[in-house]
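The values are calculated or read from the model by the stated rules, or taken from the named source; none is laboratory data. Predicted, not measured: the structure shown is a model, and the values here were computed from it. Cβ: placed from backbone, ideal geometry, glycine included. Neighbour counts: every protein chain shown.
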Amino acid sequence: MEPRLNPFASAVMGKAFKHLIAANQAVGESALPYTVQELVRMRVSQINGCGACIDMHYKEAVHAGEDPVRLALVAAWRETTVFTEAERAALELAEEGTRLADAAGGVSDEVWENAAKHYDEEQLAALVTVITLINAFNRANVMIRQPGGSYEVGMYQH
């Protein structure tokens, strides 16, 4: 499978992707735990069917010491015992924030309040940002048919 275009060879898309990558650095510098960031990226990418992002974030998380079993179970997080209550709250917020069209009211107050029990305002801001950014990457990669499987740890770090 070949991608429809190379985002980094395009002046417009390359510049936009560099800004999205820079925005992700702000999340990385936040107090939101890295594990939560990667679990959310994995789950959102699964929902959106983005093989390139699943490949990338699985490999980055394993490289950072995350248990591959937990990553394999992200898709069925509700039916597992391997995630903390805080991680579950983040995953639920990520799902509702990704599936906005499925609920007329967007993210429910119940889901937001559950996340707010586990994360302070800055962490919630980082969580909303990471959900937003990975959705943007997913949508672009799915549209251009960016395949997963060839990512190497750190290849997009500057």
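In the stretch 17-34, of all residues being of a type outside the set (A, V, I, L, M, F, W, C) and assigned to a helix (DSSP H, G or I), the one that is nearest to Thr84 (Cα to Cα) corresponds to Tyr34. Do the conditions hold for Gly149, that is, is it on the phi > 0 side of the Ramachandran plot, surrounded by 13 or more Cβ atoms within 10 Å (Cβ to Cβ) and in contact with a helix residue (DSSP H, G or I) (Cβ under 7 Å, 6 or more places away or on another chain)? So Gly149 fails the test.
Restricting the search to helices (runs of 4 or more DSSP H) fully inside the stretch 35-143 and requiring at least 1 residues that are touching a residue at least 60 places away in the same chain (Cβ under 8 Å) and surrounded by fewer than 18 Cβ atoms within 10 Å (Cβ to Cβ) gives 51-63, 121-143.
Yes/no matrix, rows are residues, columns are (1) out of contact with any helix residue (DSSP H, G or I) (no Cβ under 9 Å at 6 or more places or on another chain); (2) farther than 16 Å from Gln146 by Cβ; (3) at pLDDT 95 or above:
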{"site": "Asn6", "(1), (2), (3)": "no, no, no"}
{"site": "Gly14", "(1), (2), (3)": "yes, no, no"}
{"site": "Gly28", "(1), (2), (3)": "no, yes, no"}
{"site": "Glu38", "(1), (2), (3)": "no, yes, yes"}
{"site": "Ser45", "(1), (2), (3)": "no, no, yes"}
{"site": "Val62", "(1), (2), (3)": "no, yes, yes"}
